[in-house]
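This report concerns only the one structure given below.
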Amino acid sequence: INAYRKTTKYPKPDNWKKLSNTEIWYWMVGQVIVVGSAGGGKRFWQDSNLRQEIDFDVLLKKRNDKEVKKAIHYVLREAGARYASIEIDKCAKTKALHNNFKIISNYDDGFIGLLQLLNNIRGPNCELERVYYLMENLDFMKNKSARDFLMNLGMNQTTLAIDIRVQNIFQHLKIGFPSQTDFANKAIYESIEKAIKNSICRPLGIKPLYFDRILYQNYFRILKSDYYQIKLKLK
């Protein structure tokens with residue numbers, strides 16, 4: 001944490017308030033694309049022409065559902081999204097994003113309206129309640145992806161996007177960690193999250209969001225134990 005804290009980039013609190021429906025939609029599309037592999041997500045964010053194909057406002061102007069699905073499927077395939085079937089009717093990611101698009105379109109002000117609703121949730125468990133709202137109402141929003149989405153938008157500060165990278169880092173440091181299949185269980189996921197927050201984040205005096213981004217952005221360097229070299233240089 002000390003080695004990478006200052007060089008890691010973090011989402012700004014409440015940055016969603018400055019984003020348009022299209023920009024927020026891109027974050028959701030990217031979240032679905034990376035399920036199974038992060039490579040497709042990188043290609044999606046690097047290609048502005050690809051993103052333009054599924055601009056939220058452009059999709060709203062499509063004549064029918066078939067055209068919306070076709071545009072979504074094209075982007076998934078061009079980005080090389082894992083599990084994006086060549087047959088549009090068999091593509092679970094196309095179906096999920098199309099369904100999410102329709103649901104979000106029904107909110108007043110679209111995505112902005114949905115996020116305002118989530119932002120209005122208050123109380124000690126508000127961040128988890130936001131996560132579970134997304135999980136219950138949108139497709140492909142699971143334990144990790146729903147948290148990651150809200151954290152990227154600067155809405156959640158105390159949740160963790162636990163995935164195979166986090167598991168690999170803990171194992172690399174010889175720290176026991178649950179198997180990847182356990183991440184799908186809501187109760188187990190929440191217990192892992194709570195344990196990391198109480199046993200690591202709190203003693204280190206670091207926000208869970210910061211801890212999460214440090215591990216994610218410096219993943220390959222951590223596995224190479226580069227932090228030892230940086231630590232020595234800092235001394």
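Which one of Leu76, Ala38, Asn119 has its Cα pushed farthest toward the positive end of the charge dipole of the chain, where Lys and Arg give +1 and Asp and Glu give -1 at the Cβ?
So the residue furthest toward the plus end is Ala38.
Considering the stretch 137-235, what Rg and Dmax in Å follow from its alpha-carbon atoms?
Computed over the Cα atoms of the stretch 137-235, radius of gyration and Dmax are 14.1, 50 Å.
If one takes the longest principal axis of the Cα atoms in the chain, at what angle in degrees, from 0 to 90 and to the nearest 10, does the Cα axis of helix 143-152 lie?
Approximately 90 degrees, to the nearest 10.
Give the accessible surface of the stretch 28-150 per residue, rounded to a whole number of Å², with probe radius 1.4 Å and ligands, DNA and RNA excluded.
Ligands and nucleic acids excluded, the figure is 52 Å² per residue.
Under 14 Å from the Cβ of Arg43, count the other residues' Cβ atoms, weight Lys and Arg +1, Asp and Glu -1, and hand me the total.
Numbers: positive: Lys42, Arg51, Arg77, Arg82; negative: Asp47, Glu53, Glu78.
So the surrounding residues net to +1.
Quick check: the angle from helix 21-33's long axis to the longest principal axis of the chain, C-alpha only, nearest 10 degrees?
It is inclined by approximately 70 degrees.
I'd like the orientation of helix 186-196 relative to the chain: the angle between its Cα long axis and the longest Cα principal axis, in ° from 0 to 90, rounded to 10.
Once rounded, one gets 40 degrees.
Give, in nm to one decimal, the length gained when the segment between Lys61 and Ile188 is fully stretched (0.36 nm per residue of separation minus the Cα-Cα distance). If you can, show how the numbers build up before the last one.
Working: separation 127, 0.36 × 127 = 45.72 nm, distance 4.23 nm.
Full extension from Lys61 to Ile188 adds 41.5 nm.
For the stretch 14-145, what is Rg from Cα atoms divided by 2.2 N^0.38 Å, rounded to two decimals?
1.03
Charges only on Cβ, +1 for Lys and Arg, -1 for Asp and Glu: so what's the dipole of the stretch 1-143 about the Cα centre, in debye to the nearest 20? Please list the in-between numbers first.
Values: 24 positive and 17 negative charges, 94 e Å.
Here the size comes out at about 460 debye.
What pairs in Lys6/Lys142; Lys144/Lys197; Lys142/Lys207 have C-alpha atoms more than 24 Å from each other?
On the way: Lys6/Lys142 30 Å; Lys144/Lys197 15 Å; Lys142/Lys207 22 Å.
Long pairs (Cα-Cα over 24 Å): Lys6/Lys142.
Measuring from label point to label point, each 7 Å out along Cα→Cβ, what is the Thr181 to Gln52 span in nm?
It is 4.6 nm.
Suppose every Lys and Arg Cβ carries +1 and every Asp and Glu Cβ carries -1, with no other charges. What dipole size does the stretch 91-235 come out with about its Cα centre, to the nearest 20 debye?
On the way: 21 positive and 13 negative charges, 156 e Å.
For the stretch 91-235, the charge dipole is close to 760 debye.
Farthest toward the dipole's positive end in the chain, which of Met151, Ser225, Thr8, given Cβ charges of +1 (Lys, Arg) and -1 (Asp, Glu) about the Cα centre?
Result: Ser225, furthest along the dipole toward the positive end.
Taking the Cα centre of the chain as the origin and placing charges on Cβ (Lys, Arg +1; Asp, Glu -1), which of Ile103, Leu59, Tyr132 is farthest toward the positive end of the dipole?
The listed residue farthest towards the positive side: Tyr132.
Return the whole-Å distance between the Cα centroid of the stretch 192-220 and the Cα centroid of the stretch 76-125.
Computed from Cα coordinates, the inter-centre distance equals 27 Å.
Between Phe220 and Tyr83, how many nm apart are label points set 7 Å from Cα along the C-beta direction?
2.5
In whole percent, and with a 1.4 Å probe on the protein chains, what portion of the accessible area of the chain is carbon and sulfur?
Values: 6520 of 12880 Å².
Answer for the chain: carbon and sulfur cover 51 percent of the accessible area.
So, counting K/R as plus one and D/E as minus one, what does the shell of residues with Cβ under 10 Å around Lys69 add up to? Each step should come with its number before you reach the end.
Numbers: positive: Lys62, Lys66, Lys70, Lys95; negative: Asp65, Glu67, Asp89.
My count for the surroundings of Lys69 gives +1.
Once the Cα gyration tensor of the chain is diagonalised, what are the square roots of 5 times its eigenvalues, in whole Å and ordered largest first, as equivalent ellipsoid semi-axes?
Working: eigenvalues 204, 81, 57 Å².
In descending order the semi-axes read 32, 20, 17 Å.
Order of 221-229, 80-88 by packing, highest average Cβ count within 10 Å first? Mind showing how you got there, number by number?
Working: 221-229: 13.6, 80-88: 15.9.
Taking the mean over residues of other Cβ atoms within 10 Å, the ranking is 80-88, 221-229.
The values are calculated or read from the model by the stated rules, or taken from the named source; none is laboratory data. None of the values given here were measured: they were computed from a predicted structure. Glycine also receives a Cβ, built like all others from the backbone with ideal geometry; neighbour counts cover every protein chain displayed. Surface areas here come from the heavy atoms of the whole protein model, side chains and all, with no ligands, DNA or RNA. Shrake-Rupley method; radii C 1.70, N 1.55, O 1.52, S 1.80 Å.
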